[in-house]
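Accompanying notes for the structure given below.
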Amino acid sequence: MLGRSVAEPDGLEGAPGETPGLGLLDIQTVMARGKTVWQVSGTETDSGQAVSGYEIHLGATPGPACARAWLDIGGRREGASSADGRVRGTYLHGLFHEDGFRRRFLSRIGATPTTQNHGAAVEAALDRLAEHLETHMEVPRLLSFAGPVV
(Lines give C-alpha, C1' and ligand atoms only; values in the text may rest on other atoms or scores of the structure.)
Protein backbone atom coordinates (compact mmCIF):
# COMPACT_ATOMS: atom_id res chain seq x y z
CA MET A 1 0.00 0.00 0.00
CA LEU A 2 3.00 2.32 0.32
CA GLY A 3 3.62 2.03 -3.42
CA ARG A 4 1.86 3.40 -6.48
CA SER A 5 -0.60 0.52 -6.87
CA VAL A 6 -1.59 -3.02 -5.92
CA ALA A 7 -2.79 -5.14 -8.83
CA GLU A 8 -4.70 -8.35 -8.30
CA PRO A 9 -5.31 -9.76 -11.78
CA ASP A 10 -6.45 -13.20 -10.57
CA GLY A 11 -8.65 -12.13 -7.65
CA LEU A 12 -6.64 -14.15 -5.11
CA GLU A 13 -7.63 -12.15 -2.03
CA GLY A 14 -10.39 -9.97 -3.39
CA ALA A 15 -12.01 -8.90 -6.62
CA PRO A 16 -9.71 -8.79 -9.66
CA GLY A 17 -8.49 -5.30 -10.42
CA GLU A 18 -6.00 -2.65 -9.43
CA THR A 19 -6.11 -0.34 -6.43
CA PRO A 20 -4.12 2.88 -6.11
CA GLY A 21 -1.59 2.89 -3.29
CA LEU A 22 -0.40 5.81 -1.20
CA GLY A 23 2.33 6.61 -3.72
CA LEU A 24 4.99 7.07 -1.04
CA LEU A 25 7.36 4.54 -2.64
CA ASP A 26 8.14 4.12 -6.34
CA ILE A 27 7.01 0.48 -6.50
CA GLN A 28 4.05 -1.47 -7.85
CA THR A 29 2.77 -4.70 -6.30
CA VAL A 30 1.29 -7.42 -8.50
CA MET A 31 -0.30 -10.29 -6.59
CA ALA A 32 0.21 -13.78 -8.02
CA ARG A 33 -0.31 -17.41 -7.04
CA GLY A 34 2.23 -19.12 -4.82
CA LYS A 35 1.91 -17.49 -1.40
CA THR A 36 4.97 -17.99 0.79
CA VAL A 37 5.36 -17.44 4.53
CA TRP A 38 8.62 -18.01 6.36
CA GLN A 39 10.52 -16.99 9.52
CA VAL A 40 13.60 -14.91 8.79
CA SER A 41 16.30 -12.96 10.59
CA GLY A 42 18.90 -10.50 9.44
CA THR A 43 20.14 -6.97 10.01
CA GLU A 44 19.25 -3.40 9.19
CA THR A 45 21.97 -2.35 6.77
CA ASP A 46 22.42 1.19 8.20
CA SER A 47 22.94 0.17 11.82
CA GLY A 48 23.74 -3.53 11.81
CA GLN A 49 20.92 -4.01 14.34
CA ALA A 50 19.36 -7.47 14.37
CA VAL A 51 15.86 -7.84 12.90
CA SER A 52 13.59 -10.85 12.77
CA GLY A 53 10.04 -11.73 11.91
CA TYR A 54 8.19 -13.47 9.15
CA GLU A 55 7.84 -12.62 5.50
CA ILE A 56 4.64 -13.08 3.56
CA HIS A 57 4.82 -12.90 -0.23
CA LEU A 58 1.92 -13.24 -2.63
CA GLY A 59 3.37 -11.92 -5.86
CA ALA A 60 6.10 -9.38 -6.47
CA THR A 61 6.83 -5.72 -5.79
CA PRO A 62 9.33 -4.29 -8.28
CA GLY A 63 10.30 -0.67 -8.75
CA PRO A 64 13.14 1.83 -8.37
CA ALA A 65 12.64 2.14 -4.59
CA CYS A 66 13.71 -1.52 -4.23
CA ALA A 67 17.24 -0.46 -5.26
CA ARG A 68 17.30 1.28 -1.87
CA ALA A 69 16.68 -1.87 0.20
CA TRP A 70 17.44 -1.33 3.87
CA LEU A 71 17.51 -4.84 5.31
CA ASP A 72 19.84 -7.78 4.78
CA ILE A 73 18.10 -11.11 5.22
CA GLY A 74 20.66 -13.88 4.92
CA GLY A 75 22.60 -12.03 2.22
CA ARG A 76 19.44 -11.04 0.33
CA ARG A 77 18.48 -7.37 0.19
CA GLU A 78 14.91 -6.70 1.41
CA GLY A 79 12.73 -3.62 1.55
CA ALA A 80 12.35 -0.38 -0.35
CA SER A 81 13.02 3.25 0.57
CA SER A 82 11.99 6.61 -0.77
CA ALA A 83 14.74 8.71 -2.35
CA ASP A 84 14.96 10.90 0.77
CA GLY A 85 14.96 7.84 3.10
CA ARG A 86 11.94 9.06 5.08
CA VAL A 87 9.63 6.24 3.95
CA ARG A 88 10.61 2.59 4.19
CA GLY A 89 8.65 -0.51 3.41
CA THR A 90 9.31 -4.22 3.88
CA TYR A 91 7.61 -7.59 3.71
CA LEU A 92 9.06 -8.37 7.16
CA HIS A 93 6.22 -8.59 9.70
CA GLY A 94 7.09 -8.28 13.39
CA LEU A 95 10.03 -6.01 12.59
CA PHE A 96 9.76 -4.09 15.86
CA HIS A 97 9.95 -7.23 17.99
CA GLU A 98 13.73 -6.87 18.30
CA ASP A 99 14.37 -4.45 21.16
CA GLY A 100 17.66 -3.02 19.86
CA PHE A 101 16.30 -2.26 16.41
CA ARG A 102 13.08 -0.79 17.79
CA ARG A 103 14.94 1.47 20.24
CA ARG A 104 17.31 2.74 17.54
CA PHE A 105 14.42 3.30 15.10
CA LEU A 106 12.40 5.28 17.66
CA SER A 107 15.44 7.35 18.67
CA ARG A 108 16.20 8.12 15.03
CA ILE A 109 12.71 9.60 14.48
CA GLY A 110 12.83 11.62 17.71
CA ALA A 111 10.65 9.38 19.88
CA THR A 112 11.66 8.18 23.33
CA PRO A 113 12.13 4.42 23.33
CA THR A 114 11.20 2.31 26.34
CA THR A 115 13.41 -0.25 27.98
CA GLN A 116 10.60 -2.81 27.85
CA ASN A 117 11.45 -6.30 26.59
CA HIS A 118 8.89 -6.56 23.80
CA GLY A 119 9.09 -10.35 23.41
CA ALA A 120 8.50 -10.92 27.12
CA ALA A 121 5.61 -8.43 27.12
CA VAL A 122 3.94 -10.18 24.17
CA GLU A 123 4.37 -13.62 25.76
CA ALA A 124 2.91 -12.34 29.06
CA ALA A 125 -0.09 -10.86 27.23
CA LEU A 126 -0.67 -14.12 25.35
CA ASP A 127 -0.44 -16.07 28.62
CA ARG A 128 -3.06 -13.77 30.19
CA LEU A 129 -5.31 -14.20 27.16
CA ALA A 130 -4.97 -17.99 27.25
CA GLU A 131 -5.75 -18.02 30.97
CA HIS A 132 -8.82 -15.85 30.40
CA LEU A 133 -10.07 -18.14 27.61
CA GLU A 134 -9.51 -21.25 29.72
CA THR A 135 -11.44 -19.65 32.60
CA HIS A 136 -14.40 -18.41 30.58
CA MET A 137 -14.72 -20.82 27.66
CA GLU A 138 -14.89 -24.54 27.06
CA VAL A 139 -11.60 -24.61 25.16
CA PRO A 140 -11.54 -28.39 24.47
CA ARG A 141 -15.03 -28.17 22.99
CA LEU A 142 -14.08 -25.11 20.95
CA LEU A 143 -10.99 -26.87 19.61
CA SER A 144 -13.06 -29.92 18.66
CA PHE A 145 -14.80 -27.81 16.01
CA ALA A 146 -11.47 -27.16 14.29
CA GLY A 147 -10.71 -30.83 13.66
CA PRO A 148 -7.42 -32.56 14.34
CA VAL A 149 -4.30 -30.49 14.86
CA VAL A 150 -1.47 -31.56 12.58
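Enumerate the pairs (first residue in segment 97-124 and over 13 Å from E44 (Cβ atoms) and exposed (fewer than 12 other Cβ atoms within 10 Å of the Cβ); second residue anywhere and modelled with pLDDT of 90 or more and hydrophobic (A, V, I, L, M, F, W, C)) with beta-carbon separation below 9 Å, excluding pairs fewer than 6 apart on the same chain, so at least 6 apart or on different chains.
A111/F105; T112/L106
What pairs come out if I take residues in segment 24-49 that are hydroxyl-bearing (S, T, Y) and pair them with residues that are part of a loop (DSSP other than H, G, I, E, B) whose C-beta lies under 7 Å away, six or more apart or interchain?
T29/G3; T29/G59; T29/T61; T43/Q49; T45/W70
From (1) touching a helix residue (DSSP H, G or I) at 6+ places or on another chain (Cβ under 7 Å); (2) exposed (fewer than 13 other Cβ atoms within 10 Å of the Cβ); (3) under 30 Å from R4 (Cα atoms), pick out the condition that doesn't hold for V139.
Failed condition: (3).
Conditions (1) of a type outside the set (K, R); (2) under 30 Å from V122 (Cα atoms), marked per residue:
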position: L2; (1), (2): yes, yes
position: P20; (1), (2): yes, no
position: D26; (1), (2): yes, no
position: R33; (1), (2): no, no
position: S41; (1), (2): yes, yes
position: A50; (1), (2): yes, yes
position: L71; (1), (2): yes, yes
position: G74; (1), (2): yes, yes
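Which of the residues that make up segment 44-65 are crowded, with 17+ Cβ neighbours inside 10 Å, of a type in the set (V, I, T) and in contact with an Asp or Glu (Cβ under 9 Å, 6 or more places away or on another chain)?
Residue satisfying the conditions is V51 alone.
Just to be sure before I move on: is I109 closer than 18 Å to M1 by Cβ, among the β-branched types (V, I, T) and under 21 Å from the mean Cα position of the chain (by Cα) in the structure I sent?
no
Could you look through segment 25-64, keep only residues that are assigned to a loop (DSSP other than H, G, I, E, B) and either in contact with a helix residue (DSSP H, G or I) (Cβ under 9 Å, 6 or more places away or on another chain) or acidic (D, E) (or both), and pick out the one that is farthest from S82 (Cα to Cα)?
Q49
The values are calculated or read from the model by the stated rules, or taken from the named source; none is laboratory data. None of the values given here were measured: they were computed from a predicted structure. In this analysis, Cβ positions are derived from the backbone assuming ideal geometry, glycine residues included, and neighbour counts consider all displayed protein chains.
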